[in-house]
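Only one structure is covered here, and it is reproduced in the block below.
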Amino acid sequence: MEKLRDKLIVIKDEVIKIDKKAPFNIIIDRINNLVTNKIGENRFTSRLMNLKSNNAHSGLYDDEQKALIIEIDSILDELENLSTEQLNNKSMKEKLIILLTKQKEFGDALKLKLEHTFNSEQLSELITQYRLWDKINREVLEKAYEQKQLFRMYSSISYLGNINVAKESFQSKRDELIECLPKKVAHLNIAINHTSSLRNIDLLPFDEKIKTIDTNLKTKITDMKKLFVSHASIDKAKIEPLIDLIVVIGVPYSQIFFSSSPASGVGLGENIFERLKKELSSDVFALFILSKNFYSSAVCLCEMGAVWIKSSKQIPILIPPFKFSDMKGVFPNSLGFNINDKDQLNSFKIELETNFNLIPIHLTWWETKRDEYLKKINEII
């Protein structure tokens with residue numbers, strides 16, 4: 001099923017890039033043969049044959065190109081549903097092996113694509129795919145096993161860089177992939193073999209909402225330009241350790257807007273509301289630091305709606321004893337975490353790395369700084 005879907009995706013790419021002299025019927029026949037030979041789904045083939053009978057000529061017109069792309073997308077969506085139905089009948093162990101195998105196969109495809117990457121535009125697209133792929137791998141390896149050795153080993157794979165090469169250059173970005181991608185693919189292979197020897201009771205019910213890379217790529221991530229920290233100024237002392245931890249993860253002060261800090265907030269004599277208008281855009285990642293003080297502040301409540309609408313990603317973070325049941329306004333209860341939640345801080349780190357295109361820091365260093373933060377914040381709250 002997965003190979004069928006991969007082939008259809010390749011055909012779709014060809015259709016998007018195709019010249020108008022290409023024979024429409026031959027493209028239809030290729031898709032038709034793939035679907036019929038692999039799964040024999042009449043509802044797919046009949047729709048394709050209908051497209052073919054209505055377009056019996058040698059050229060491909062714009063409207064036919066669009067119709068064909070829509071039909072391929074429809075088939076891909078239905079195949080995704082078929083795969084999901086089949087997956088639901090599998091054991092926890094079987095589901096995990098299937099997911100890891102999909103990730104490994106996509107990693108192999110990324111390696112092949114890397115060999116044919118010759119310009120910045122190609123590299124940028126590849127890096128976007130790599131980041132999504134890597135994020136999924138981390139989430140699965142962290143959440144699916146009782147023992148965390150596989151996650152720790154995977155997370156320790158990092159690129160130290162080259163002091164003679166500029167960090168943001170084409171060479172540096174490509175060298176990181178050349179260094180890390182093969183190692184991470186090899187580690188997934190180790191994970192698959194190891195999982196095969198485990199029992200279901202050795203595994204945890206990982207989040208089945210985690211989707212494979214090909215599904216996630218339907219929504220492209222845009223690099224965030226700013227981290228906006230919405231908070232009550234009276235909570236400043238409780239939030240500053242979190243800001244320090246965010247900087248450790250790799251987000252520079254220049255990309256953080258924390259109004260209570262002279263280094264990353266509003267300047268002396270500056271109009272705060274004019275500054276808010278300037279900072280808010282579609283490239284903003286918003287953190288809402290929620291507490292009783294936040295909901296007691298008219299300024300915070302006014303700011304909350306505007307930031308939620310103008311930002312492209314939002315995460316509420318709660319300061320205990322404030323609870324999820326106390327949340328009001330725009331926040332769904334399924335979002336957010338407590339400011340001292342150790343496990344969710346790990347996921348938060350991955351979110352920042354993914355959305356700000358950061359090179360992950362070494363796992364041991366992260367765990368040291370995270371635990372220092374937790375000790376400090378638990379003494380404050």
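The values are calculated or read from the model by the stated rules, or taken from the named source; none is laboratory data. Computed from a predicted model, the values in this text were never measured in an experiment. In this analysis, Cβ positions are derived from the backbone assuming ideal geometry, glycine residues included, and neighbour counts consider all displayed protein chains.
Figures for the structure shown
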| item | result |
| --- | --- |
| Pairs with Cβ under 8 Å, 6+ apart, first in segment 363-374 and closer than 18 Å to L141 by Cβ and touching a residue at least 12 places away in the same chain (Cβ under 8 Å), second surrounded by fewer than 14 Cβ atoms within 10 Å (Cβ to Cβ) and among the small types (G, A, S) | L363/S156; T364/S156 |
| Residue within segment 116-131 that is within 24 Å of W365 (Cβ to Cβ), part of a helix (DSSP H, G or I) and of a type in the set (S, T, Y) present | yes |
| Near pairs, Cβ below 6 angstrom, 6+ apart or cross-chain, from segment 155-177 (assigned to a loop (DSSP other than H, G, I, E, B)) to any residue that is modelled with pLDDT of 85 or more and among the charged types (D, E, K, R) | I157/K183; I157/K184; Y159/E176; Y159/E179 |
| Of all residues in segment 297-314 being assigned to a loop (DSSP other than H, G, I, E, B) and out of contact with any strand residue (DSSP E or B) (no Cβ under 6 Å at 6 or more places or on another chain), the one that is modelled with the lowest pLDDT | S312 |
| Complete set of residues in segment 167-184 that are over 20 Å from the mean Cα position of the chain (by Cα), surrounded by 15 or more Cβ atoms within 10 Å (Cβ to Cβ) and of a type in the set (A, V, I, L, M, F, W, C) | F170 |
| Some residue of segment 371-381 being assigned by TED's automatic domain parsing to the domain that holds V247, closer than 26 Å to F206 by Cα and of a type outside the set (D, E, K, R) | yes |
| Options F151, F106; residue that is buried (at least 19 other Cβ atoms within 10 Å of the Cβ), in contact with an Asp or Glu (Cβ under 6 Å, 6 or more places away or on another chain) and either of a type outside the set (G, A, S) or not assigned by TED's automatic domain parsing to the domain that holds K349 (or both) | F151 |
| Filter result (surrounded by fewer than 15 Cβ atoms within 10 Å (Cβ to Cβ), part of a helix (DSSP H, G or I) and not charged (D, E, K, R)) within segment 348-371 | T364, W365, T368 |
| Lone unmet requirement of (1) touching a strand residue (DSSP E or B) at 6+ places or on another chain (Cβ under 8 Å); (2) modelled with pLDDT of 65 or more; (3) part of a loop (DSSP other than H, G, I, E, B) for F294 | (3) |
| Tabulated pairs, segment 113-134, first under 18 Å from S158 (Cα atoms), second of a type in the set (S, T, N, Q) and outside any helix (DSSP H, G or I), C-beta under 6 angstrom, 6+ apart or interchain | L126/T117 |
| Subset of segment 315-340 that is part of a loop (DSSP other than H, G, I, E, B) and small (G, A, S) - its residue that is modelled with the lowest pLDDT | S334 |
| Residue list for segment 122-158, restricted to those being in contact with a strand residue (DSSP E or B) (Cβ under 9 Å, 6 or more places away or on another chain) and of a type in the set (S, T, Y) | Y145 |
